[in-house]
1. Given the protein chains as shown and a 1.4 Å probe, how many square angstrom of A:ASP197 are accessible, to the nearest 10?
2. How many nm separate the modelled label positions at A:SER27 and A:GLU13, each set 7 Å beyond the Cα in the direction of the Cβ?
3. What number, in nm² with one decimal, is the all-direction average of the projected area of the convex hull of the alpha-carbon atoms of the range B:169-215?
4. If you wrap a convex hull around the Cα atoms of the range B:11-65, how much volume per residue is inside, in Å³?
5. How many square angstrom of accessible surface are buried between B and A, both sides summed, with a 1.4 Å probe and rounding to 100?
6. Across the range A:56-114, how large is the tail of the calculated P(r) beyond 20 Å, expressed as a percent of all Cα pairs?
7. Strictly over 21 Å apart at the Cα level, which of A:LYS181/B:LYS181; A:LYS57/B:LYS57; A:LYS57/A:LYS133 would you flag in this model?
8. Within the range A:22-84, which trypsin sites (Lys or Arg not before Pro) sit in a loop by DSSP and count at most 15 neighbouring Cβ atoms inside 10 Å?
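The values are calculated or read from the model by the stated rules, or taken from the named source; none is laboratory data. From a predicted model like this one, the values you see are computed outputs, not experimental measurements. Here the Cβ positions follow ideal geometry from the backbone for every residue, glycine too, while neighbour counts run over all protein chains shown. Side chains included, ligands, DNA and RNA excluded: accessible areas come from the protein's heavy atoms. Shrake-Rupley method; radii C 1.70, N 1.55, O 1.52, S 1.80 Å.
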Number of protein chains: 2
Amino acid sequence: MTTGVRRRMGVEERRRQLIGVALELFSQRSPDDVSIDEIAASAGISRPLVYHYFPGKLSLYEAALRRAAEDLAERFTEPRQGPLGARLLRVMGRFFDFVEEHGPGFSALMRGGPAAGSSAASALVEGVREAAKVQILSHLDAQDPPPRLELVVRSWVSLAESTALIWLEDRAVPRAELELKLVGDFAALVAVAAAQDPGMAGVLGRLLAEEHGTGPLHTLLGSLSAFTAPRDTEGGADGVDRTGGEAAVGGVSARGGVDAEDATAEGASL
Amino acid sequence: MTTGVRRRMGVEERRRQLIGVALELFSQRSPDDVSIDEIAASAGISRPLVYHYFPGKLSLYEAALRRAAEDLAERFTEPRQGPLGARLLRVMGRFFDFVEEHGPGFSALMRGGPAAGSSAASALVEGVREAAKVQILSHLDAQDPPPRLELVVRSWVSLAESTALIWLEDRAVPRAELELKLVGDFAALVAVAAAQDPGMAGVLGRLLAEEHGTGPLHTLLGSLSAFTAPRDTEGGADGVDRTGGEAAVGGVSARGGVDAEDATAEGASL
């Protein structure tokens, strides 16, 4: 009996080890380019033994994907404390940590990797998106969200995915700037929906309610106010005050770092 | 010689017919659920004859996808006349026409259909995204776009895709509202990037330059100004004026239809 229990433990441990080895290799190269031989060599076991634990590469890939999906979904959990913008910014930091850690494996999956057509892989990806949506809605105290709010949250999740994928290509824009951008994007998408629907205006109010003049959303909206402030509509094609827009970015450094205090000092107050 | 030419023409015609039949069936049910037998029956030919023109279902699916991709890419072409917001709104109308016409086929492809893992299908989808990006950049007169602009355009394209996919699920929000929302989303994403980067502020200026107080972006930004206008930062957690936000949506009907004239009359001027 005792050996039986120990043997079962051994199987689970070996599977965990192989999943870890696979994820490590998938973080360096696309899963398409990683062979079972390499996984066996990295794990220090024979190729047939890998097949003993996983009947094929797809089953190992799906198991690795499952662990990565659980890992990512956990990173969405955030204490319900402080301004919503700051909470979302911390989640974005952990999301980009994940993206950076998994690099090629993340890209391959989202762009259509070896198991992209498999229903198990699709279900795992959808499960992570659902987890992200549920977390955001819970922070907005929207357990039974109206269709427009659900749409904004879900489409923003896809925006975060595509932003991360584009970042991975050449990292041309610093990730800290993109993390902040996605927080701003979320508020902006809610704001656009609020301009169309009174119900969404209440959500926007909740999103901004605890910014206290220092949160990331405060700074962003301060900058935007230069563009949206009432102007003379008779100005024609040149009615847009580009100077005002340029001045508004004064509180935001060209590096993408935002100094909320500076923005406040410059009158970009909310 | 003449018959040879005619036979070749006949092959192309038959292939076109089968592609048309397949697209028609894929617009009603997911390609996964459409058999070669059905396609043969709808085309009025035998199953072996279908295989004569297309060696397998995947090759017929990919040919159908190619035609649909060309069709969609053509709909992005828009004369370089009038405000950019109005141009983008017309493109969104044609995009949703396409989405509505192809329904289940579009969903299946974008969510991981039978050929989703095929490199030909991925390349076709990427080609359409690229065509959309090139069109938008050309309207912004940005032939050699900086990384931040390229990122905003590409990530917005993915936002348009996901918005259309969510709409197809239950059509809970009217498509006209979503077409307008996506135009506003584009401006909003540019605006968020403009708050981080001086170069993007110039793009935002160009986007708004020809709105003349009547375009869809004008109305949107007018509504947003109520949220972004300077307020007393000493107000603490309740410093956000929800009433002001609610009032701002006055120029926008709850149905999602926007009356630019009304918005102007109500002082939501740019």
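1. Rounded to the nearest 10, that gives 30 Å².
2. 2.2
3. About 4.2 nm², averaged over all directions.
4. Output value, Cα hull per residue: 65 Å³.
5. Between B and A, the summed buried area is about 6200 Å².
6. That tail contains 35 percent of the Cα-Cα pairs.
7. Check vs 21 Å cut-off fails for A:LYS57/B:LYS57; A:LYS57/A:LYS133.
8. A:ARG29, A:ARG80
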